[in-house]
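Visitor: Dropping the structure in here first, questions after.
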């Protein structure tokens, strides 16, 4: 087994960083790492620092949400006749869309993901160590929350590292040693254990997932005892509460977010039955007087569907970054979706119907806007003669709303949504051959998204025969379409394709919006970065 040794001096510098890295200096003044665990407030701020690290551009502020991971799923337009090295975003999109992951500029992206993910795991381990060694008395419920959230974050980042760099979870891959799981347990204070803080060792896929599930179940147990989301409806907040650390539960790793993560992991492992149990438990928390509600209309122009976000992070640079990525004038270099792609996957209003509350084809389509009415380039058809696609679109939710500091949708990067739990259950129906049940669920969700009845299964415009030999493939294609519609700017489309080992991608750069995958290993497996030994 190969040991992955990290540079000790640099790592110590990161682990015991000044509050520049971990904390908000304006709040902390001269407080340093030596004193932050001597107060409850300091300990809470360290945990907040983990969420801020998750929102770095190397992780969920860009690469694992809105940019690289979405390009890997072929969501964005690139102009293959106009790219040059000065158009950095366009070059990156073109190379990621064509799965040229070993190009130098692309390899640097994956190196940054790897480095930032494992650095965060080291910080969390040091956090566990410091809490174990601290003499500060902490209320049991608060301590359970502090530890439960940290275990859940450690699990969350490790799972996404595996979904990027690992292979599918199936018998032929289970004994392959590929990724480390940094799960050091500081309840054992022996020198050997403490020294292991500074090294990682590759795990078999089987052991990696055992450790992953252990972290998730530990977090679940701690939060089940103490998370306010289970007892206080006001702990789920529409507007950010800044004077109570234990509020804003929908913006943190809450109990239901841990269950949702467990469902996501178990589905990846093929443990459908337990995945459904966890997903259904989350869905029980939906409704009046409960933590989450289905988004039934574009209330207050809420393009984030905030009430459906099980776990999301407050992202202070959202609109600054969004305007530079999506609303700039250089249409060759932005993160844009083609008009044809949208039209193929989100139903438009039926002809002759103008009332958006009654006859909207799919209100998710209303979450997109044309890029300032600008044609790609000067109106040149980048898809080739005859495709008729010249316009590009961006998500409205990344454009700063009025009074954004108080509106619930503002500054929110969703990471887990209710819709994913719903489709975990629906996919299990398809896999079990319960096609009528699956169709009923699909129609339920289309009604929820205000898809006009003429587009729903069973209508004369969309007849369905559940006895058709191709029904399973047709229903799975529908679920993939839903992942395209539901999770833009969140990375889940690529992860769906990889888990299902799809032979095609939905694609913004082809006339029929579909791209045939010639080499699935090349498309889905990213090499372990060469910087692994030199953080």
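The values are calculated or read from the model by the stated rules, or taken from the named source; none is laboratory data. Given the structure is predicted, the values throughout are model-derived calculations rather than measurements. Please note: Cβ atoms are built from the backbone with ideal geometry, for glycine as well, and neighbour counts cover all protein chains shown.
Visitor: Pick from 504, 510: which is buried (at least 16 other Cβ atoms within 10 Å of the Cβ) and either under 17 Å from residue 71 (Cα atoms) or over 25 Å from the mean Cα position of the chain (by Cα) (or both)? Steps first, answer last, please.
Guide: Working: 504 fails: buried (at least 16 other Cβ atoms within 10 Å of the Cβ).
Matching residue, one of 504, 510: 510.
Visitor: Out of 464, 525, which single residue is surrounded by 14 or more Cβ atoms within 10 Å (Cβ to Cβ), under 27 Å from the mean Cα position of the chain (by Cα) and touching a residue at least 12 places away in the same chain (Cβ under 8 Å)? It would help to see each step written out before you state the result.
Guide: Working: 464 fails: under 27 Å from the mean Cα position of the chain (by Cα).
Sole residue among the options that is surrounded by 14 or more Cβ atoms within 10 Å (Cβ to Cβ), under 27 Å from the mean Cα position of the chain (by Cα) and touching a residue at least 12 places away in the same chain (Cβ under 8 Å): 525.
Visitor: Would you confirm, using the coordinates I've provided, whether residue 296 is touching a strand residue (DSSP E or B) at 6+ places or on another chain (Cβ under 6 Å) and in a loop (DSSP other than H, G, I, E, B)? Explain how you work it out, then say what you get.
Guide: Values: touching a strand residue (DSSP E or B) at 6+ places or on another chain (Cβ under 6 Å): no; in a loop (DSSP other than H, G, I, E, B): yes.
Spelling it out, it is not the case that residue 296 is touching a strand residue (DSSP E or B) at 6+ places or on another chain (Cβ under 6 Å) and in a loop (DSSP other than H, G, I, E, B).
Visitor: A follow-up question, please. When only residues in region 182-228 that are modelled with pLDDT under 85 and assigned to a helix (DSSP H, G or I) count, which is surrounded by the most Cβ atoms within 10 Å (Cβ to Cβ)? It would help to see each step written out before you state the result.
Guide: As a first pass, look at region 182-228 and keep what is modelled with pLDDT under 85: 184-201.
Then keep just the ones that are assigned to a helix (DSSP H, G or I); that gives 191-198.
On the way: 191: 7, 192: 7, 193: 14, 194: 13, 195: 10, 196: 16, 197: 19, 198: 14.
So the residue we want is 197.
Visitor: Okay, next question. State all residues of region 394-412 that are farther than 26 Å from residue 339 by Cα, at pLDDT below 75 and touching a helix residue (DSSP H, G or I) at 6+ places or on another chain (Cβ under 6 Å); if no residue qualifies, say none.
Guide: Listed by number, the list holds a single entry, 408.
Visitor: Ok, one more. From the list 86, 97, 108, which one is more than 27 Å from residue 314 (Cβ to Cβ) and either buried (at least 24 other Cβ atoms within 10 Å of the Cβ) or at pLDDT below 85 (or both)?
Guide: Every option except 86 fails the conditions.
Residues are listed down the side, and each one gets a yes or a no for (1) out of contact with any helix residue (DSSP H, G or I) (no Cβ under 9 Å at 6 or more places or on another chain); (2) modelled with pLDDT of 90 or more; (3) within 23 Å of residue 277 (Cα to Cα):
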| site | (1), (2), (3) |
| --- | --- |
| 430 | no, yes, yes |
| 438 | no, yes, yes |
| 460 | no, no, no |
| 469 | yes, yes, no |
| 472 | no, yes, yes |
| 513 | no, no, no |
| 519 | yes, yes, no |
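Visitor: Could you say whether any residue in region 121-139 is touching a residue at least 40 places away in the same chain (Cβ under 8 Å), within 22 Å of the chain's Cα centre (by Cα) and within 30 Å of residue 270 (Cβ to Cβ)?
Guide: Within region 121-139 (the criterion being touching a residue at least 40 places away in the same chain (Cβ under 8 Å), within 22 Å of the chain's Cα centre (by Cα) and within 30 Å of residue 270 (Cβ to Cβ)), the answer is yes, since at least one residue qualifies.
Visitor: From the set of residues in region 244-255 that are in contact with a helix residue (DSSP H, G or I) (Cβ under 7 Å, 6 or more places away or on another chain) and assigned to a helix (DSSP H, G or I), which is modelled with the lowest pLDDT? Steps first, answer last, please.
Guide: In the first step, residues of region 244-255 are kept if they are in contact with a helix residue (DSSP H, G or I) (Cβ under 7 Å, 6 or more places away or on another chain); the result is 245-247, 249, 252-255.
If we keep only those that are assigned to a helix (DSSP H, G or I) as well, we get 249, 255.
Details: 249: 92, 255: 98.
Out of the qualifying residues, it is 249.
Visitor: May I ask you to say which residue of 311, 305 is within 16 Å of the chain's Cα centre (by Cα) and modelled with pLDDT under 95?
Guide: On the way: 311 fails: modelled with pLDDT under 95.
Being within 16 Å of the chain's Cα centre (by Cα) and modelled with pLDDT under 95 holds for just one of 311, 305, which is 305.
Visitor: Okay, moving on. Is region 314-322 home to any residue that is surrounded by fewer than 23 Cβ atoms within 10 Å (Cβ to Cβ), farther than 30 Å from residue 138 by Cα and in contact with a helix residue (DSSP H, G or I) (Cβ under 6 Å, 6 or more places away or on another chain)?
Guide: Yes, some residue in region 314-322 is surrounded by fewer than 23 Cβ atoms within 10 Å (Cβ to Cβ), farther than 30 Å from residue 138 by Cα and in contact with a helix residue (DSSP H, G or I) (Cβ under 6 Å, 6 or more places away or on another chain).
Visitor: Scan 103, 133 and give me the residue that is under 20 Å from residue 521 (Cα atoms) and surrounded by fewer than 21 Cβ atoms within 10 Å (Cβ to Cβ).
Guide: Residue meeting the stated conditions: 103.
Visitor: What is the number of the single condition among (1) in a loop (DSSP other than H, G, I, E, B); (2) over 19 Å from residue 217 (Cβ atoms) that residue 169 does not meet?
Guide: All conditions are met except number (2).
Residues are listed down the side, and each one gets a yes or a no for (1) more than 30 Å from residue 174 (Cβ to Cβ); (2) touching a strand residue (DSSP E or B) at 6+ places or on another chain (Cβ under 7 Å); (3) modelled with pLDDT of 95 or more:
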site	(1), (2), (3)
230	yes, no, yes
239	yes, no, no
257	no, yes, yes
260	no, yes, yes
264	no, no, yes
268	no, no, yes
282	no, yes, yes
